[in-house]
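The values are calculated or read from the model by the stated rules, or taken from the named source; none is laboratory data. If you're wondering where the values come from, they're calculated on a predicted model, not measured in any experiment. Glycine gets a Cβ as well: all are built from the backbone with ideal geometry, and neighbour counts include every protein chain shown.
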Amino acid sequence: MKRKSGLVLLLLVSMGFGHAQSLTTNETKVVLIVKGASEGISQIALFNTFEKIKGNGILEKYPNCQFYIGLLRGSYELNDNNVAPLIGSTIIMYTDQPYLSSNRILQSTRFIPGDQLSLGSGSAKVISNKKGELILETQ
């Protein structure tokens, strides 16, 4: 009996590692990663996970990237520490002060409500662009 329950437990645990985890939140702190001179967000990571990568490790893992702090409201999938917001989620990107650098790659002032922005493998619509705050809704 112990052996059967152990095998069942092992099977359930191994199934959990192969799939993305879907979560819903009122508000989660994230890091938005902008690669090179692109006009979009290439990746989103959970802030707590991102903080665990120390100093130069971040720059080695994400070369030629700029980082911005943000908040995610709504549903998202988490797969290998990458956040994929589901349709209808809201992202607030704080564009005034890039994280870990003073250089700004993404020029948020050029975005107006209604503009489309790439967001990893998806896209987002600009809802509002006020001083230092770019508000996006995933499409």
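Quick notes on this one:
- Filtered by the rule that a residue be of a type in the set (S, T, Y) and within 12 Å of the chain's Cα centre (by Cα), segment 62-74 gives a lone residue, Y68.
- Verdict on I112 being farther than 20 Å from G36 by Cα, modelled with pLDDT under 95 and of a type in the set (V, I, T): yes
- For segment 1-55, residues that are at pLDDT below 80, under 18 Å from the mean Cα position of the chain (by Cα) and aromatic (F, W, Y) total 0.
- Filter pass, G74 being surrounded by fewer than 16 Cβ atoms within 10 Å (Cβ to Cβ), small (G, A, S) and either within 15 Å of Q43 (Cα to Cα) or at pLDDT 90 or above (or both): no
- Residues that are at pLDDT 90 or above and surrounded by 12 or more Cβ atoms within 10 Å (Cβ to Cβ) within segment 88-103 comprise S89, T90, I91, I92, M93, Y94, listed in sequence order.
- Checking each residue in segment 40-71 for being exposed (fewer than 14 other Cβ atoms within 10 Å of the Cβ) and either within 17 Å of L134 (Cα to Cα) or among the charged types (D, E, K, R) (or both) picks out E51, K52, K54, E60, K61.
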